[in-house]
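Taking it in order: structure first as structure tokens, then the write-up.
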Amino acid sequence: MPKKTDIRVIGTEVFFLPVETRVPLKFGPETLTHVTCARVHMRIKDRKGNVADGWGETPLSVQWAWPSDLTYEDRHDAMKKFCLMLAKAWATFDGKGHPLEIGHAFTEKALPKLQKKLNKKRGKKKAMPLLGALISCSAFDIACHDAYGNLVGKPVYETYCAKYMNRDLSTYLKPAKGSSITFAKTYPCDFFVKDMPKQIPAWHLVGGKDLLDKNELTGGEPDDGYPVLLPDWIKRDGLKCLKVKLRGNDAAWDYDRLVTVGKIAIDSGVDWLTSDFNCTVTDPAYVEDILDRLVQEHPRIYGMILYVEQPFPYDLEKNQIDVHSVSARKPLFMDESAHDWRFVRMGRKLGWTGVALKTCKTQSGALLSLCWAKAHGMTLMVQDLTNPMLAQVPHVLLAAHAGTIMGVETNAMQFYPEASKAEEAMHPGLYRRRDGAVDLSTISGPGFGYRVDEIRRDLPDAAGTFGDIE
């Protein structure tokens, strides 16, 4: 029987917020120097006619979502255009229920049709991949969850239960073949940590172009009051966890980079490292050789590596590589490949042991992947998309509720700290890492607890407005 709290979307509004990086961020073969954040304002209505608004935001990280030889502007413009297509589709979508139910239905039914429509016009060689479509859609899905929490007057994580949801997880998830796992009569809340921590460890990103010591200074670095060198970041923020971006196609460089960063980490009191190959490796032996050499020549650095992140191509269906030999050495986490729980299931069969969740693949999808992975004994992490402004809040909340292997990756304060000044005034612990952690104690109230009405953020003119919304 439908619930009184069931909602439907009645209007959407999209804003594009340009952000410039203070230093470049290297993604595999590409480098990010600026990004556009898509911010969505959504209005919903329940069965009684009550209305509420919600907000969602995500960086349209072109280089991460859509690696290609196409120009940045071509891909960037396509993703912005797709956001406007999504805005109209969400405003007229006939789905009703809890936001996870609506978000799942939209992703399964409407999103593929919209992606196909866009790509039919662009042609096969210029087609936008699923990850690009998910990123564009995620801001709308997040806004729907926020609006629902605002409507029922509850933090949104308190609504992922039988009281508010019409269907249990068995509606969406199927266990691995041969397992005794069942999702009947279970809900997302059954897989969250019992008590959400108010502080969680923060991972710092060591990008491929980040400077490690004074000998690398050229004099052209930003003089803006923020650190430039890795040791200075570690000292200022009390960092204990470093994520190292690698090339994946230059074994000598990757090995030297891990050793150099590892030595700095040891000297600076850092506890943990992880290596991110950004989908550029095609042969497991590449990773195995680096790890095997490390354990022989630098066993302490090897021991500090908590897990290895996504070395292999993110199109898992086309690249079904058996990775058991890598995960036998270190926990191996899916990131770009983990589009949804079905890909997580496929990855587990191939030997992946962990999942790096991201809100940019939609809040609804991240929750379902979380539940499937935890039920099957996979370890979780929540990775960053260099989330500034409002995007940071759902990101850290997901990590705090998921129970990750170690905290959350958060690096927007490294690459564009000034972008979040308005939000930082309200949530200082979210946009500046202290004692190696971020602080969630200022997040409060219904929805995602943004406290949007208290944040002094001047938005540009809306790029598109659809349906019943001011």
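Every number in this text was worked out from the coordinates using simple rules, so none of it is lab data. What you see is a predicted model, and the numbers here were worked out from it, not measured in a lab. When we count neighbours, we look across all protein chains shown, and the Cβ atoms used for this are built from the backbone with ideal geometry, even at glycine.
General observations
- Integer Hz, Karplus 6.51/-1.76/1.60 couplings in order for the range 421-436, x for Gly and Pro: 4, 5, 6, 5, 4, 8, 10, x, x, 8, 10, 9, 7, 10, 6, x
- Rounded to 10°, Cα long-axis angle of helix 392-402 versus longest principal axis of the chain: 80 degrees
- Debye equation applied to the C-alpha atoms of the chain, log10 I(q)/I(0) at 0.08, 0.11, 0.13 Å⁻¹: -0.44, -0.86, -1.24
- Cα→Cβ-extended label distance, 7 Å offset, between Thr282 and Ser325, nm: 1.6 nm
- Bridging of Lys374 to lysines at a Cα separation below 24 Å is possible for Lys163, Lys174, Lys177, Lys185, Lys194, Lys198, Lys243, Lys330, Lys349, Lys358, Lys361, once same-chain residues fewer than 8 apart are set aside.
- Cα gyration tensor shape for the range 188-454, rounded if a/c is under 1.5, else prolate or oblate: oblate
- Take every DSSP beta bridge whose two residues both sit in the range 188-454; close to 15 percent of them are antiparallel.
- Peptides 103-110, 283-290, ordered by how many other C-beta atoms sit within 10 Å of their residues on average, highest first, read 103-110, 283-290.
- Absence of a disulfide-compatible partner, taken as no other cysteine beta carbon within less than 4.7 angstrom, is noted in the chain for Cys37, Cys83, Cys137, Cys144, Cys241, Cys279, Cys360, Cys371.
- Close amide H pairs (under 5 Å, H built 1.01 Å from N) link Val438 with Ile200, Ala202, residues at least 5 positions away or on another chain.
- Per-residue HN-Hα couplings for the range 209-226 [Karplus 6.51, -1.76, 1.60; θ = phi - 60°; Hz; x = Gly/Pro]: 10, 5, 8, 9, 8, 4, 5, 8, 5, 10, x, x, 6, x, 10, 10, x, 9
- On Cα atoms only, tilt of 130-152 relative to the major axis of the chain in degrees: 50 degrees
- Amide proton proximity set for Leu242, modelled H, under 5 Å, gap of 5+: His204, Trp272, Leu273, Thr274
- Inter-label distance, nm, simple model (7 Å from Cα along the C-beta direction), Arg47/Leu212: 6.1 nm
- Distances between placed amide hydrogens fall under 5 Å for Leu380 paired with Val355, Ile405, all partners being 5 or more residues away or on another chain.
- 3J(HN,Hα) couplings calculated from phi for the range 74-90 with the Karplus curve 6.51 cos²θ - 1.76 cosθ + 1.60 (θ = phi - 60°) are, in sequence order, 4, 5, 4, 5, 5, 5, 5, 4, 5, 4, 6, 4, 5, 4, 5, 5, 5 Hz; Gly and Pro show x.
- The range 137-152 and the range 319-347 have Cα centres lying 30 Å from one another.
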